[in-house]
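A.B. asks: Here it is, the structure, as structure tokens.
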């Protein structure tokens, strides 16, 4: 069912096209509407995931709530995946992307990346201890699960030549890994770290065996036309504020994520300035 | 070739119509692998689903009540459940229950991989429809013709092979063609379990290059072409098998 919906959405994206961005000021539009629509992840624990009652919660969700509170509007969340979040934004279906989005030069041509970046991750794999992986080169020719639209698929695919099996969403890829369909799961080290630290007995015999590579900043995304407009400026201010006040570090702690050196450094830097 | 690549590069830069598979070697390779995977996956599934259909239709007319019942259960099960659900069921549930084997790296891997399950699942799914299609054809063969064959000393199997099936096949070719066209389109579902077919390849490309519209158009046109080839082949086959005077 989930796949089906994604396919339909994919088709709609193609039909609607990507020129939905309006010239009207986005803040005024959001206030007039009374709601801000934010694209978030719902399969990326603990940044954005479904709690047992089916509500989307997580660290990024709290950031989205901060934005809604600041603007004095209601928050509407739309679950997005890596492969559709930028199209949704440019069509005007969502106003903002807070969805573990890596900040790459290629993507900067399509969406506005809010600076300072609110988080940073790197690439690693989740693998059963029995796989006995030691270095990235061990992946060559092996089946490695991954998720569609992730920026590191291309790089790892070209550099280490694993046989990538790419799934539409994280749970599918994790299921395939558990089923022994792949030797490892290629993903962001932050998610792997929190999955392993979560204490789920299902992952007791798994590890993150390689050295994390290719550090990557995460950014909140706005439409390119908004980046230097009041909406983009507001987001930049909020981002500085989150770093300065220690909000991000506190959220990280609250959601049980290992403190990231990037946030500590950014906190020091912004407090100093 | 270079001229074409340059043209598409210019098209991408000047008009933002980015058909990256026309100039980017990695994207082109992915797309061609996808095209090839779709073609052979469709071919294998067409062949095995016809085989499933023939065997099922034959068992359907068997004297043994158990064989007839088994065919009924098979047809009902695979015809009444969505192919995507069957695929997920095989890949995520059945696969884990089978004994693992050891691959060339010494790791234990499932007996059947994602491509294998796609073939199994689609063959059974389309095969269930083929059983009903062939049955309709077999039932259209006059009882008198079968009796004539029997009185000439044909066994049940020989009469089925030499008399009933050739006639039935001609009757059900149009319906069979429809089902096979559907089967080719159903192969896109294999995307959900990471089989590198056309939809998978296209989505890989557009999630990196952000050319969703262009790739969607390419994808649709490719399927139009693939199905056109299949339909053309089926029509020629139909014409070649025509028996003068026997109109079905």
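Conditions (1) more than 25 Å from the chain's Cα centre (by Cα); (2) closer than 29 Å to residue B:194 by Cβ; (3) assigned to a loop (DSSP other than H, G, I, E, B), marked per residue:
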site: B:5; (1), (2), (3): yes, no, no
site: B:13; (1), (2), (3): yes, no, no
site: B:21; (1), (2), (3): yes, yes, no
site: B:37; (1), (2), (3): no, yes, no
site: B:52; (1), (2), (3): no, yes, no
site: B:57; (1), (2), (3): no, no, no
site: B:66; (1), (2), (3): yes, no, no
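A.B. asks: I need the helices (runs of 4 or more DSSP H) fully contained in the range B:155-248, keeping only those with at least 3 residues that are at pLDDT 90 or above and within 14 Å of another protein chain (Cβ to nearest Cβ).
C.D. replies: B:198-209, B:212-240
A.B. asks: So, in the range B:133-156, exactly how many residues are in contact (Cβ under 8 Å) with a residue 60 or more places away in the chain and surrounded by fewer than 19 Cβ atoms within 10 Å (Cβ to Cβ)?
C.D. replies: Here the count works out to 1.
A.B. asks: For the subset of the range A:72-95 comprising residues that are in contact with a strand residue (DSSP E or B) (Cβ under 6 Å, 6 or more places away or on another chain) and in a helix (DSSP H, G or I), which member is nearest to residue A:43 (Cα to Cα)?
C.D. replies: Ranking the candidates gives A:85 first.
A.B. asks: Conditions first: (1) out of contact with any strand residue (DSSP E or B) (no Cβ under 6 Å at 6 or more places or on another chain); (2) not assigned by TED's automatic domain parsing to the domain that holds residue A:234. Residue A:108 passes all but one, so which condition is the exception?
C.D. replies: (2)
A.B. asks: Just to be sure, is residue B:8 surrounded by 15 or more Cβ atoms within 10 Å (Cβ to Cβ) and at pLDDT below 90?
C.D. replies: Taking the combined requirement at face value, the residue satisfies it.
A.B. asks: Let me ask something else about it. In the range A:72-86, which residues are over 19 Å from residue A:50 (Cβ atoms), at pLDDT 90 or above and within 14 Å of chain B (Cβ to nearest Cβ)?
C.D. replies: A:86 - this is the single residue of the range A:72-86 that is over 19 Å from residue A:50 (Cβ atoms), at pLDDT 90 or above and within 14 Å of chain B (Cβ to nearest Cβ).
A.B. asks: Looking at the range B:108-128, which of the residues that are surrounded by fewer than 18 Cβ atoms within 10 Å (Cβ to Cβ) and more than 30 Å from residue B:176 (Cα to Cα) is nearest to the other protein chains (Cβ to nearest Cβ)?
C.D. replies: B:108
Okay, residues lined up against (1) under 18 Å from residue A:104 (Cα atoms); (2) crowded, with 18+ Cβ neighbours inside 10 Å; (3) not assigned by TED's automatic domain parsing to the domain that holds residue A:85:
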{"residue": "A:192", "(1), (2), (3)": "no, yes, yes"}
{"residue": "A:205", "(1), (2), (3)": "no, no, yes"}
{"residue": "A:234", "(1), (2), (3)": "no, yes, no"}
{"residue": "A:245", "(1), (2), (3)": "no, no, no"}
{"residue": "A:252", "(1), (2), (3)": "no, yes, no"}
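A.B. asks: Among the listed residues B:42, B:20, identify the single one that is within 14 Å of another protein chain (Cβ to nearest Cβ) and surrounded by 19 or more Cβ atoms within 10 Å (Cβ to Cβ). Outline the logic, then answer.
C.D. replies: On the way: B:42 fails: within 14 Å of another protein chain (Cβ to nearest Cβ).
Being within 14 Å of another protein chain (Cβ to nearest Cβ) and surrounded by 19 or more Cβ atoms within 10 Å (Cβ to Cβ) holds for just one of B:42, B:20, which is B:20.
A.B. asks: Still on this structure: Inside the range B:100-132, can you point out the residues that are touching a residue at least 12 places away in the same chain (Cβ under 8 Å) and in contact with a strand residue (DSSP E or B) (Cβ under 7 Å, 6 or more places away or on another chain)?
C.D. replies: Within the range B:100-132, B:111, B:114 meet the criteria.
A.B. asks: Would you check which residues across the range A:163-173 are outside any strand (DSSP E or B) and either facing chain B (nearest Cβ under 7 Å) or without any contact (Cβ under 8 Å) to a residue 40 or more places away in the chain (or both) and list them?
C.D. replies: Passing the criteria: A:168, A:172, A:173.
A.B. asks: Restricting to the range B:23-35, name every residue that is part of a helix (DSSP H, G or I) and surrounded by fewer than 20 Cβ atoms within 10 Å (Cβ to Cβ).
C.D. replies: Once the filter is applied, which keeps residues that are part of a helix (DSSP H, G or I) and surrounded by fewer than 20 Cβ atoms within 10 Å (Cβ to Cβ), the range B:23-35 yields B:25, B:26, B:28, B:29, B:32, B:33, B:35.
A.B. asks: Within the range A:46-71, restricting attention to residues that are in a helix (DSSP H, G or I) and in contact with a strand residue (DSSP E or B) (Cβ under 7 Å, 6 or more places away or on another chain), which residue is nearest to residue A:218 (Cα to Cα)?
C.D. replies: So the residue we want is A:60.
A.B. asks: What are the residues in the range A:123-160 that are closer than 22 Å to residue A:248 by Cβ and either out of contact with any strand residue (DSSP E or B) (no Cβ under 8 Å at 6 or more places or on another chain) or modelled with pLDDT of 90 or more (or both), if any?
C.D. replies: Passing the criteria: A:123, A:124.
A.B. asks: Moving on. Take the residues of the range A:174-190 that are in contact (Cβ under 8 Å) with a residue 60 or more places away in the chain and touching a helix residue (DSSP H, G or I) at 6+ places or on another chain (Cβ under 7 Å): which is surrounded by the most Cβ atoms within 10 Å (Cβ to Cβ)?
C.D. replies: Pass one, the range A:174-190, residues in contact (Cβ under 8 Å) with a residue 60 or more places away in the chain: A:185-190.
Add one more test, that the residue is touching a helix residue (DSSP H, G or I) at 6+ places or on another chain (Cβ under 7 Å), and what stays is A:185-186.
Numbers: A:185: 26, A:186: 28.
Checking each candidate, the answer is A:186.
A.B. asks: Just checking, how many residues over the range A:139-162 are buried (at least 16 other Cβ atoms within 10 Å of the Cβ), more than 9 Å from chain B (Cβ to nearest Cβ) and touching a helix residue (DSSP H, G or I) at 6+ places or on another chain (Cβ under 9 Å)?
C.D. replies: Going through the range A:139-162 one residue at a time, the tally reaches 6.
A.B. asks: In the range A:214-232, how many residues are crowded, with 17+ Cβ neighbours inside 10 Å and at pLDDT below 90?
C.D. replies: Total meeting the criteria: 1.
The values are calculated or read from the model by the stated rules, or taken from the named source; none is laboratory data. Computed from a predicted model, the values in this text were never measured in an experiment. Cβ sites come from the backbone with ideal geometry, for glycine too, and all protein chains shown count toward neighbours.
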